[in-house]
Amino acid sequence: MLTCFIRYQIDPTKKPQFERYARTWGQCIPRNGAGLIGYYAPHEGSSTLAYGVYTIDSLAAYESYRARLAADPQGQENYAFALRENFILREDRTFLKLASTPHGEPA
């Protein structure tokens, strides 16, 4: 199992647009095969950093998921909304593997 962390740099004056974007992915991501953990908007501290986090079985599963997501009408509209509103200034994606399981078990 891999966890995808998406780090967004957003326009701080357009936080409501990012929150709308996040809510829409909240519908699309699970429907297309990934395990959404959540989207996180700025609250305290940095006003420009936001995150999206979801799980996927493998990089091969990710490729299939991305194809389904690209064909999803609501996903297409959400992507167009982000381009139109221009609230995402930068987006970085990384895949990590959980290294601390089982929790509390000595090495």
Counting only protein heavy atoms with a 1.4 Å probe and every protein chain in place, the carbon and sulfur fraction of the accessible surface of the chain in whole percent equals 53 percent
Most fluctuating of Glu44, Glu85, Glu19 in the GNM of the chain (C-alpha, under 10 Å) is Glu44
So for R0 = 30 Å, FRET eff. of Gln74-Ser47 from the Cβ-Cβ r, to 0.05, ends up at 0.60
The chain accessible area per residue, 1.4 Å probe, protein heavy atoms, integer Å², reads 63 Å²
For Ala99 and Leu36, extending 7 Å from Cα along the Cα-Cβ vector and measuring point to point gives, in nm, a value of 3.0 nm
Checking rank on 69-75, 8-14, with mean other Cβ inside 10 Å and highest first, the result is 8-14, 69-75
Counting Lys and Arg as +1 and Asp and Glu as -1 over every other residue whose Cβ sits under 13 Å from the Cβ of Tyr40, the net charge comes to +1
To the nearest 10 degrees, the tilt of helix 59-71 (Cα long axis) against the first principal axis of the alpha carbons of the chain is 20 degrees
quick shape note, the chain: Cα extents on principal axes in Å, largest first -> 48, 36, 19
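The values are calculated or read from the model by the stated rules, or taken from the named source; none is laboratory data. None of the values given here were measured: they were computed from a predicted structure. When we count neighbours, we look across all protein chains shown, and the Cβ atoms used for this are built from the backbone with ideal geometry, even at glycine. Areas reflect the complete protein model, heavy atoms only, side chains present, ligands, DNA and RNA absent. Shrake-Rupley method; radii C 1.70, N 1.55, O 1.52, S 1.80 Å.
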